[in-house]
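Everything on this sheet refers to the single structure shown next.
The values are calculated or read from the model by the stated rules, or taken from the named source; none is laboratory data. Here the structure is a predicted model, which means the values were calculated and not measured. Because the Cβ atoms are built from the backbone with ideal geometry, glycine has one as well, and the counts that use them run over all protein chains shown. When the accessible area is computed, the model is the full protein with side chains, heavy atoms only, and any ligands, DNA or RNA have been set aside. Shrake-Rupley method; radii C 1.70, N 1.55, O 1.52, S 1.80 Å.
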Amino acid sequence: MITRCSRVFKHIGRSLSLSSVQESDCPQESSSPSSPSKHPQLEIRTSRRHFGVVGLLSAFCVFAITGGTATLILGWICTFHDTVAGEGGVISAVRSGSFAVRESSNLDEDLAAYQIHAETLRILTFSALASHLVSLTSAILVTLLAYRAATQWLHASDNPDDVNLTPIQYGLLVRTLGSGSLMSIINTLRYISRSRRASAPRFFKEALVGVTGIYLLCHMVGLVDLWLHSSARSISVVRATSVNSEALYGITYDDSRCGPFNNTELPCQKLIYPYDGEISYAHEEQWMYLEGYDAAADINPYTRLEYINNTSILVPGSAKNFKSQGFTFHTYGLRVECANLRDSCDRLSVPAIENLVPGATPVTNCSKAGYPRIPYYTSGELKESGLDTRNIESLVLGIIGDEMGGMLHGTADFSSGWTSNPASTVVQLRWPNVTAHGETVTPGVAYTNALDLYVTCSMAYLDVVAQYDPIEAEWSIVATDLSSPELASVFWTPMIFQLGTDDLLHDLKTYVMNRGSQTIDTLESSMAKYGMAYVVPMTTFIAASNVTSPQLVTLGLYPTAPTLILITCLYIYSLASLVIFFVACTGNNRTIFVPRQLTRKMESDKETSALEVAQTWLTDPLPFIGTTFPGWDGRQAARSAESDPLRQVYDSDWELGNVKIGLCRGSNGEMIFGLKHQSHSRSRRYGRVFQVVDEESAFQDKVPIHGNVLVIPSLAAVGKAES
């Protein structure tokens, strides 16, 4: 009696032989439809259409996932790229070596929450996601590659002259395309490297190269992701965000104070009028004096002075609440340049005093400098002994053409008080009963009872475009331009009416007494400050431009090389799926025709893509198992044409029992290690084990077939037949 194990292998052999016979018979039957046929058979039909969609869902998944992730990373970088850190876009990023990306767009959170939120580096999240998705989609891409191999396999099977797969090559190809793992690739490479082996078809080698490339590309994405994670970093910076609210931080001239420009009158004629026998300036508008004084003393809450680049400009004060914003604004400035007249004026000739203290003798006249009325005085005289009784007062005198004014009635001393811009002035300052100290070069003249300073100054009034930086809390001048002569004449008027002259005496006294070398510089800055301080009442506020609010931002710095390599790999992965998809579709012109008698419901004929079925044979062992253990329900032919591997195998523990592995006796009686049939315990209910041969003979001999209906006898009938 032949053992159960040997009967299983004989049964497998008969099944394979039957399958091969049916395969060889199918073309003959299909070629002659008029030939009689007992049972409906499967047919392979070739379509004239050389393009059929196959694997669309798989291709779309790979393309959408990998290409979408690459586009997400690239789009995120372009959208949230920091324009300050990377002003030149991608080119500047390549030069600097990293992409600077803003990590948060929610600027309404408090500072602590914002800093925590900004710690999430999103490109790293996308990179990790891409690495994970690529590892998932690699199996799908290998499945798409199997369509290409299946197309070539079908073609080689139709042409006997073509090189086709040997059994070992088929097994290696199934494992390689079915898993795409490193061990399957290594085993296939070991086989390819053999010196003595059967010739391998071209599609076998192409499939191996494709799977190896997919494996390497998949792990390259993982390595690039690791590289990006190890080299990316974050920094905290402050960036400006646009503010749409109106900000009245700019400063402009208000003609309601002085009236419009009228060259037939004095500049600011509205505020110049007689008072107590003299011509005065704004005597009844004391608030203007107080406002200008407060600005000079830096206690005016609305307008302040800033001295920048030798220019004094007007800026908004603390009451304007501007410190949390950056902005560009219009304002006015004054730049003063002075030159000492000490070497251009005549002095009293007293050799003994000159030898002891150079420059200590009094100034008699500055005609050589072009100012014959300097020093200006109305009484007294300078005696040869050095005693000076002249009533020299401290004055800021204006020069318009050949006229000098300001000593009596301000701008009313001129025939026309409209000056050019820059305006010319001569400053004479005297500190009575003050003696100079030290032995450095004196800035003026010093003698027994007075200390004098004579200077000529150019006063340039400017239209200024300035900017405030809230981060550094600093003012800066963006651009300057000379103001109109009319505006300069108006702004010049308070100085010529001697507003600020006493302040100059106070600021310079310490420098002059100590013969300081910074006296002229101090005079320039002081004249610029007081010259603009008394202009404040003539101005009003206007809207600033480019108003921004500073925000603390965390920037993610991503190295350019790994970022671009990651994006490139993902796009290559995505395009590879499309290429493989279209190549597979071009070879999808064969279909398997299944007659309705072989279908489950037996309602209509069915057609299945031969490429789909062949692809399952290259990626899954289930079709081979389904052919080896076909089942005895009469539907094994229809199952062989299913594109779903799970539906190609008959599953029942009643008829076929289980499959176990171990030693069994082969066809020649030798013991081999392999699969053997194991009947279910329920098959012993009649006190004996059903033999495989008996079951098959009972199935073939006892089971009647009436037309297309398969009649399965009861177990009792089968048992009776076997007895």
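For the range 219-374, the solvent-accessible area with a 1.4 angstrom probe is 54 square angstrom per residue.
For the range 216-372, a/c is not less than 1.5, where a ≥ b ≥ c are the root eigenvalues of the C-alpha gyration tensor, and a/b does not top b/c. That puts it in the oblate class. Estimated from the Cβ-Cβ distance and a Förster radius of 60 angstrom, the FRET efficiency linking E285 and T560 is about 0.40. For V209 and Y571, the FRET efficiency from 1/(1 + (r/R0)^6), where r spans their Cβ atoms and R0 equals 30 Å, is about 0.90. Straightening the chain between L646 and H219 buys 150.7 nm, computed as 0.36 nm per residue apart minus the Cα-Cα spacing. The protection proxy used here, the mean number of other Cβ atoms lying within 10 Å of each residue, ranks peptides 191-201, 242-252 as follows, highest first: 242-252, 191-201. Here the gap between N262 and L622, fully extended at 0.36 nm per residue and compared with their Cα-Cα distance, gives a gain of 119.2 nm.
Once the piece of chain linking T46 and S318 is laid out straight, how much longer is it, given 0.36 nm per residue of separation minus the C-alpha distance between them?
In short, 89.1 nm is gained.
Modelled this way, with points 7 Å down the Cα-to-C-beta line, the labels at L505 and T71 are 8.1 nm from one another. Between T166 and E472, the modelled label-to-label distance comes to 7.9 nm, taking each label 7 Å out from Cα in the direction of the beta carbon. Pairs with C-alpha atoms separated by more than 29 Å, drawn from the list K320/K529; K205/K676; K270/K368, are K205/K676; K270/K368. Quick one: grab the alpha carbon gyration tensor of the range 287-330, order the square roots of its eigenvalues as a ≥ b ≥ c, and give me rounded if a/c is under 1.5, else prolate or oblate depending on whether a/b is larger than b/c. Oblate. Shown is the FRET efficiency for I299 and E384, computed with R0 = 35 Å from the Cβ-Cβ distance and rounded to the nearest 0.05: 0.10.
Residue ranges 316-322, 612-618 sort as 612-618, 316-322 when ordered by packing (mean number of other C-beta atoms within 10 Å per residue, highest first). A simple spin-label model places pseudo-atoms 7 Å from Cα toward Cβ; at E603 and I672 they are separated by 4.5 nm.
Remark: the Cα gyration tensor places the range 208-302 in the prolate category, a/c being 1.5 or greater and a/b exceeding b/c.
Peptides 523-532, 227-236 ranked from most to least packed by the mean count of surrounding Cβ atoms within 10 Å: 523-532, 227-236.
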